[in-house]
1. Tell me the residue from C:312, C:291 that is out of contact with any helix residue (DSSP H, G or I) (no Cβ under 6 Å at 6 or more places or on another chain), away from chain B (no Cβ under 13 Å) and over 21 Å from residue C:21 (Cα atoms), please.
2. Can you tell which of B:181, B:228, B:158, B:146 is in the same structural domain as residue B:373 (by TED's automatic domain parsing) and either touching a strand residue (DSSP E or B) at 6+ places or on another chain (Cβ under 6 Å) or closer than 27 Å to residue A:370 by Cβ (or both)?
3. Check residue A:215 against each of (1) more than 8 Å from every other protein chain (Cβ to nearest Cβ); (2) in contact with a helix residue (DSSP H, G or I) (Cβ under 7 Å, 6 or more places away or on another chain); (3) at pLDDT 95 or above; (4) not in a helix (DSSP H, G or I) and name the one condition it does not meet.
4. Checking the structure you have, find out if any residue of the stretch C:159-174 is out of contact with any helix residue (DSSP H, G or I) (no Cβ under 6 Å at 6 or more places or on another chain) and without any contact (Cβ under 8 Å) to a residue 12 or more places away in the chain.
5. Are any residues in the stretch A:295-305 closer than 18 Å to residue A:262 by Cα and either facing another protein chain (nearest Cβ under 8 Å) or surrounded by fewer than 21 Cβ atoms within 10 Å (Cβ to Cβ) (or both), and if so, which ones?
6. Being out of contact with any helix residue (DSSP H, G or I) (no Cβ under 9 Å at 6 or more places or on another chain), more than 7 Å from every other protein chain (Cβ to nearest Cβ) and under 24 Å from residue D:191 (Cα atoms) narrows it down to one residue among D:239, D:228; which is it?
7. When the residues of the stretch D:283-303 are filtered to those that are over 18 Å from residue C:167 (Cα atoms) and not in a loop (DSSP other than H, G, I, E, B), which remaining residue is modelled with the lowest pLDDT?
């Protein structure tokens, strides 16, 4: 497979998210980093781009310049990643899709369901890829979980319990820390904080693994740290399209949890559980039998889980390996398209704008439910 | 401390619950088993009692006979344990309390909040002890958790998350298993199944550890196995008397969970978590510091946790040791009473009728909320 | 089964070991505590005995008085437990066996192999039971492990790795702590410290589970804390009677280990591992298959493991339950003897003088090997 | 820091080791893969090199051609990685070092101590870097462990226990599997199998973390699977240069262990433990205090551990991230050299030829000891 050209918008100096995209895209050598508009400050954007090895004329000062500069080049970028503040995702994604670029957008895809709907339509019309960075779906044992659930190894799915709880916003003394403050300010963060930021990953995990959409929900939000306007802890109860019951807990004040993204799926003939902090194992309990510990790399895993894995069982693969798997999948999809092959939707397992939109639909209804005494509300898909 | 005389009602041959009460009461040699009405069948009750070593005249055929037989003896029992079907708890507990006996009643204390209220009043009027068997509160590390929370080591408590999830009712083929069937039949089990059976322990754990009552709640019930009329999975969101947010998950279809009673308490300056399946450790995360593993038996634990512990750190103590701690506490309370000392309520940490009533109040409101679209309802205390 | 009469020698006030024997013998109500010589000080022995509820004439001032007092009574004790300092085990055990009593002796059975040999012979000649308190063998999942190994479920056994490492002797400032000092003084402790004290349990675990004896060994001893004459850390490599390779690590300075008794058995078609600090699970890895987590109480376990278990899976059973299983087994053996049945050696799984002697043989050769450059030495059985 | 040019020898199509070097060197974009001699078959070497994107003239057919081709280029490679069969490491490493290249050599550095000594000398004379791939040293929490030990946070180090046990050579039916067979054939593998293959990592971990060399040892080897001439299980007891006691277990037949590289270090005032299968946590037990769980990414870690970490705490970093850290360190060292700075040995923490030689010295003495009744032998450094 040939190496593709890749550009990055956002992810300036010191940014964690920029670093992870650069590492993940380079990891399997599918993408070569050739263009970027890395900072809101034009000068810093250019300087930092050049320090990272970009050519002078492709270290752009703004995403608009980058769009202009790239769209007419013969060697233009094949994929652009958008890692800017949430409120700008819609505009930039729209612009690049409409100008013929494939896009990888950070989550959340947009700020509103209405915007997300537009992106879904544009991606469909243009035929361009619009991936959304639910990077945790790239873990091999998550892919294995999805395979086991969707191939019927657990029987009919009764219940999904997922959570994303951390404790990094527990310190009340952090109230004025600029890294945190905006997250609880409705003017900057929108109507939801921790649910939009973290819970959304656990929601997407539930839909990704089961292959079902969420059809209705009831939510309870709490602002546990004094002075916060938005929720720092939330619970959502829901029902899925095929009747599965769902429960989601997300928290930013769960001291002792580092990055507690977990999922448990309970079926009529078996159950599985997985935790992001120990991602190389998947626990599988067949009905009336002992729990088994499935290890990443075991020969008995499904094809997709094995091919998403680089090293032998017992070594750990981590988040960057998982994240890199999304880039590998996107590279594969671009490659198919270049070769004139139609992209078979069933073989693209990376999250797309459709998933991005569904998450936002859910958050919007959860906000309404939480404001209305946990009333059950339908989620339109 | 002198050894007290103990009687048991219910807990017939093959009964798990009878066995655990006999072991727990004998464990520290505080109680001597001298009287019983062990079976609904009078003959079997007598035979089995004698096989367990009871004297001929104290192996009773019914609880009524036992009450008559014991109440006029000089060497009458000091404590009676009631381990009969739930629907009989009220009547028997009432009768024994009114006739001057101390009672240890299995949970749930009664079938209705109204009955529970009567028991609370009778216990208060008579001055007799009415303990309720929330046996998991007897674990030393639960006592330590309670101490840390209530002495302020975690600061103001923001959030409590407790659960009791098991998978032992997952097999749909068990529908006609008599051991299970009654649990999902409203005529026999009342309005709630898994919440009343298991979730109630996790609720009590939350109130026990925090020292707060639940003041309002919103519930979502699901019957995941086809054909069940009552819930086999439930989620309750609640608020406590001092403003703490609470979340409770209970399930009977959570394959892979054996007996998953856990509690996590998140405060403004620290958090703790504990799991019944590994009861000898308590995880403590002080704000901005690494998580610590506190071990049962460590010299730095609180007085009550240490005295509830029999063997050195690193050995495991199990459920029967925990349960026996309730009997030790009751023995201590009886002993104080015998010595004419007033029982200081602050030093009795075993659950009483007040706790039993509160649990039932909660379940009643949860049933109503679940039937009314997860509406938030006040819980009267 | 009738309740037997039980006496205790040693285990004075404040003694951990006395408490555990009293709880374990009472746990299943097989033994009634009726006689004791609980302290080296005659007066304290009597006072403490009476405080524990013994009759005036059976609260003895010395073991010699107790032997005299009991041997001619019609209602004499059925079993005596010896929980005195190690150097007195031989003399007292010998005296009680020769006078017709069944004995439960604390480990180590004696100070020398020669003494142990005498005890084995006396027990054989008199037909009296001489149990030795390797109490960890009573855990249900250890019994299950033994069953799986000895019934061939792991195929030919290649390797056994067991350890008993704790860190409770790590503090150099404890040098003068009387509770520790004697343990590293050859005049009081003999030729070995941590191996005789703790390692011996891990050695016995290896022979108990495999059913093999240790035939030769090479040892390395270290005194890690300055000033200690005896070893506080040791490694033994060995070979067993059927060719199995063995490795044992024991330590008293392994900070972070509380009571780290573990065993792993590797066979040609499967392997198991078990840890005392989480005794309710047994990890089983069949060749070329995922690891399974076997839970205490699961219906698929062997008969002996199930009958050694009191409560349902998912509850924890702890050390005292395990220890109580030894007393249950002894009660069963006494009961058979009373009924004139020959005791079938195959059904007695509690450790006896033969096991006690083998452990001491091993320690004696390990001491020699360690003093001779880890030379391999034969262990006579 | 500029990007350097990198070449690879060995690591042909389907090779795990080649893949990991390519990913690790690209991960942080410090090295650009520009030259290779990837297969023993010249044609396949060229074809595969071009498929991986090498230019036609730098996809070499042999390491000799590559040496010739590169040494006179202006844009020659800065670093060559040698991932060929063990018996060829010496010759190739020697040739490249002598011709002015920096080298990263797979372990073991050479087949004999004598060869290793030559490499050490050549590296010293030429001033070229000769790194050895003990890749597990690159985990951030191993770097933290090393910092804590060497900065005195555990006090004087008493004991080191490390192991590397896996079960992947357990299946006797694999005897003719070519992937395994050579490993137990002295003609191909030399005098040691599992110790040279895996145990060596655990030995290097002990010396890396403590900063001490091994000064003497006693070894016990076993060939547990019938028909094997070399050891598939080994134990080494040793003493280190500052008196620390050491114990090492390595096994290839430890079913249930996937890749069980662990290290525990016990000091007079604290202890730590780390396991490769959960590499993001380090357990730290200060004397007389509870065990703490240190998490990768915590602000309180040492500078080197933090800079070796790419993503926030709670995400997992895996083996490839760790391995990439070695390449980052090498890039840093090359960079310093290019800038005419002397490389400060204290700041190069990646393993070099000196470490490679020490490991081989140890294995040679362990083989002799195992053949001579576990006799204690001095290791010359």
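The values are calculated or read from the model by the stated rules, or taken from the named source; none is laboratory data. This is a predicted model, so every value here is computed, not measured. Heads up, the Cβs are rebuilt from the backbone with ideal geometry, glycines too, and the neighbour counts pull from every protein chain shown.
1. Details: C:312 fails: away from chain B (no Cβ under 13 Å).
Matching residue, one of C:312, C:291: C:291.
2. Details: B:181 fails: either touching a strand residue (DSSP E or B) at 6+ places or on another chain (Cβ under 6 Å) or closer than 27 Å to residue A:370 by Cβ (or both); B:228 fails: either touching a strand residue (DSSP E or B) at 6+ places or on another chain (Cβ under 6 Å) or closer than 27 Å to residue A:370 by Cβ (or both); B:146 fails: either touching a strand residue (DSSP E or B) at 6+ places or on another chain (Cβ under 6 Å) or closer than 27 Å to residue A:370 by Cβ (or both).
Every option except B:158 fails the conditions.
3. (2)
4. Yes, the stretch C:159-174 has at least one match.
5. A:295
6. Details: D:228 fails: out of contact with any helix residue (DSSP H, G or I) (no Cβ under 9 Å at 6 or more places or on another chain).
Sole residue among the options that is out of contact with any helix residue (DSSP H, G or I) (no Cβ under 9 Å at 6 or more places or on another chain), more than 7 Å from every other protein chain (Cβ to nearest Cβ) and under 24 Å from residue D:191 (Cα atoms): D:239.
7. So in the stretch D:283-303, the residues over 18 Å from residue C:167 (Cα atoms) come out as D:294-303.
Applying the additional criterion that residues be not in a loop (DSSP other than H, G, I, E, B) yields D:294-295, D:303.
Working: D:294: 98, D:295: 97, D:303: 91.
Filtering first and then ranking leaves D:303.
Let's see how each residue does on (1) surrounded by 21 or more Cβ atoms within 10 Å (Cβ to Cβ); (2) within 7 Å of another protein chain (Cβ to nearest Cβ); (3) touching a helix residue (DSSP H, G or I) at 6+ places or on another chain (Cβ under 6 Å):
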{"position": "B:266", "(1), (2), (3)": "yes, yes, no"}
{"position": "B:286", "(1), (2), (3)": "no, no, no"}
{"position": "B:307", "(1), (2), (3)": "no, no, no"}
{"position": "B:323", "(1), (2), (3)": "yes, no, yes"}
